């Protein structure tokens with residue numbers, strides 16, 4: 001036990017040092033190494049004989065040394081960023097207790113926490129009689145939303161399969177790629193996932209959706225599902241839920257909203273209008289590990305009516321796992337496609353306890369203000385061009401040489417080189433995307449600790465990297 005305590009104390013000290021490093025201005029976002037060099041630096045052999053606990057510490061040091069600092073205020077790469085002490089605390093506790101979430105008996109506290117969390121999220125969305133479940137990511141939640149839609153339109157498919165039915169689902173061309181995976185897994189086929197045109201802002205065009213549904217009906221197919229998006233991955237666009245809901249009601253289709261990225265605007269009195277009409281939808285994806293900063297993974301699928309998830313997902317396990325006893329109503333495993341399911345409720349619970357709903361509202365409002373600041377900074381900088389008017393906290397822009405004489409292909413190549421230089425130097429970690437035929441830098445503002453000075457540092461480093469890449473012809 002003494003060796004255990006000593007090793008854990010050493011590990012905690014290393015983690016605290018790592019977290020403190022996120023705040024030091026000279027700390028690189030990543031100590032970048034190519035795969036071949038990193039393989040030489042790491043000992044990746046697995047021994048025949050085990051080692052002592054203390055001998056594991058060098059591996060922990062190496063892992064921290066070469067990992068990307070997603071908690072850095074210069075990490076803008078993905079739809080999450082920042083570090084979260086309540087979440088880290090919760091992960092330590094849930095790993096130490098090491099339970100699963102299939103029944104109340106084995107996870108009593110976590111079960112009650114999860115039910116309470118889902119009730120509060122459902123209330124924010126507008127599902128007064130709803131239910132929900134924590135799942136393994138937004139992709140899984142979108143899959144479950146589609147599965148619930150299939151069960152509504154074709155409940156016999158659960159027992160007999162699709163038969164001769166050709167089910168058709170509809171999503172925006174800007175929707176997350178997970179819908180394609182869901183169509184594959186459900187056996188409806190990628191060709192029956194119709195990607196509806198979006199407008200210049202990246203929002204699904206309701207009339208185009210209506211026409212696409214009519215077309216599928218004329219082809220004797222069975223339309224069953226529409227997936228709207230609240231905060232698209234590239235532009236951060238919010239589809240018009242009220243208009244889309246009117247269409248799905250008319251045709252009797254299931255309406256799902258992928259709010260993995262944008263759902264937390266519902267905390268904000270100032271910005272929740274972006275999700276007006278959410279109470280009209282049938283199911284909803286919410287990723288707490290994105291804009292709410294809860295450690296990965298922490299995603300929820302919410303449905304409007306209780307009993308929906310169990311009807312769509314349940315099957316088996318009653319002989320040895322799900323017993324018809326006084327706790328049966330609390331056995332969340334019957335609502336899930338998983339058997340073993342990690343406890344994510346505690347980290348979500350502690351984070352919400354720590355920040356409170358008002359704290360999350362302040363974070364959302366602050367990030368919107370920073371998005372406005374970043375937008376104006378880009379407009380005022382002669383080397384930067386705003387590609388799309390921001391609607392959320394996604395800022396899409398590109399670097400342009402002064403008196404630009406380059407064609408689009410050369411500008412694309414230059415911006416890719418700038419991104420690579422920023423990452424390899426460790427100055428910043430930011431992603432890129434292609435929109436309307438152009439490569440652009442996609443700046444994501446997800447870290448609740450961000451300040452204007454962090455953005456100024458980022459833009460300064462990016463412009464300097466651009467000038468160097470111009471001069472060297474890289």
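The values are calculated or read from the model by the stated rules, or taken from the named source; none is laboratory data. Remember, it's a predicted structure, so these values are computed and weren't measured experimentally. All Cβ positions, glycine included, derive from the backbone under ideal geometry; neighbour counts span all protein chains shown.
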**Asked** So which of 457, 378 ends up being touching a strand residue (DSSP E or B) at 6+ places or on another chain (Cβ under 6 Å) and either under 26 Å from residue 23 (Cβ atoms) or not assigned by TED's automatic domain parsing to the domain that holds residue 266 (or both)?
**Response** 378
**Message:** For the condition over 19 Å from the mean Cα position of the chain (by Cα), free of Cβ contacts under 8 Å to residues at least 40 places away in the same chain and not assigned by TED's automatic domain parsing to the domain that holds residue 468, what is the one hit in 333, 359, 316, 403?
**Reply:** 316
**Fill in**
Scanning segment 366-387 residue by residue, the ones that are under 25 Å from residue 292 (Cβ atoms) and touching a residue at least 24 places away in the same chain (Cβ under 8 Å) total 7
**Prompt:** Restricting attention to segment 189-215, which residues are in contact with a helix residue (DSSP H, G or I) (Cβ under 8 Å, 6 or more places away or on another chain) and in contact (Cβ under 8 Å) with a residue 24 or more places away in the chain?
**Reply:** 192, 193, 194, 196, 197, 204, 206, 209, 210, 213
**Fill in**
Being surrounded by 15 or more Cβ atoms within 10 Å (Cβ to Cβ), in contact with a helix residue (DSSP H, G or I) (Cβ under 9 Å, 6 or more places away or on another chain) and not in a helix (DSSP H, G or I) narrows 342, 347 down to just 342
**Item:** Residue check, residue 139 modelled with pLDDT under 95, touching a helix residue (DSSP H, G or I) at 6+ places or on another chain (Cβ under 7 Å) and more than 13 Å from residue 348 (Cβ to Cβ)
**Value:** no
**Request:** Determine whether residue 206 is buried (at least 24 other Cβ atoms within 10 Å of the Cβ) and modelled with pLDDT of 95 or more.
**Result:** no
**Prompt:** If you go through segment 320-327 one residue at a time, do you hit one that is touching a residue at least 40 places away in the same chain (Cβ under 8 Å), within 23 Å of residue 287 (Cα to Cα) and surrounded by 13 or more Cβ atoms within 10 Å (Cβ to Cβ)?
**Reply:** no
**Prompt:** Tell me, which residue of segment 380-403 that is assigned to a strand (DSSP E or B) and touching a helix residue (DSSP H, G or I) at 6+ places or on another chain (Cβ under 7 Å) is farthest from residue 470 (Cα to Cα)?
**Reply:** 395
**Request:** Collect the residues in segment 97-149 that are within 23 Å of residue 320 (Cβ to Cβ), in contact (Cβ under 8 Å) with a residue 40 or more places away in the chain and either surrounded by fewer than 23 Cβ atoms within 10 Å (Cβ to Cβ) or over 21 Å from the mean Cα position of the chain (by Cα) (or both), keeping them in residue-number order.
**Result:** 97, 99, 100, 101, 102, 103, 104, 105, 107, 110, 111
**Prompt:** Hey, among 296, 291, which residue is in a loop (DSSP other than H, G, I, E, B) and closer than 14 Å to residue 238 by Cβ?
**Reply:** 291
**Asked** Before we move on, is residue 347 modelled with pLDDT of 95 or more and assigned by TED's automatic domain parsing to the domain that holds residue 139?
**Response** no
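Every residue, every condition in (1) closer than 26 Å to residue 42 by Cα; (2) assigned to a loop (DSSP other than H, G, I, E, B), yes or no:
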{"residue": "70", "(1), (2)": "yes, yes"}
{"residue": "80", "(1), (2)": "no, yes"}
{"residue": "83", "(1), (2)": "yes, yes"}
{"residue": "87", "(1), (2)": "no, no"}
{"residue": "92", "(1), (2)": "yes, no"}
{"residue": "99", "(1), (2)": "no, yes"}
{"residue": "103", "(1), (2)": "no, yes"}
**Message:** Quick check on segment 228-237. Is at least one of its residues in contact (Cβ under 8 Å) with a residue 12 or more places away in the chain, buried (at least 17 other Cβ atoms within 10 Å of the Cβ), in a helix (DSSP H, G or I) and in the same structural domain as residue 157 (by TED's automatic domain parsing)?
**Reply:** no
**Asked** Which of (1) modelled with pLDDT under 95; (2) at positive phi does residue 126 not meet, given it meets every other one?
**Response** (1)
**Message:** Quick check on residue 81: is it in contact with a strand residue (DSSP E or B) (Cβ under 6 Å, 6 or more places away or on another chain), surrounded by 15 or more Cβ atoms within 10 Å (Cβ to Cβ) and within 21 Å of residue 287 (Cα to Cα)?
**Reply:** yes
**Asked** Residue check: is residue 172 more than 12 Å from residue 142 (Cα to Cα), free of Cβ contacts under 8 Å to residues at least 60 places away in the same chain and crowded, with 16+ Cβ neighbours inside 10 Å?
**Response** no
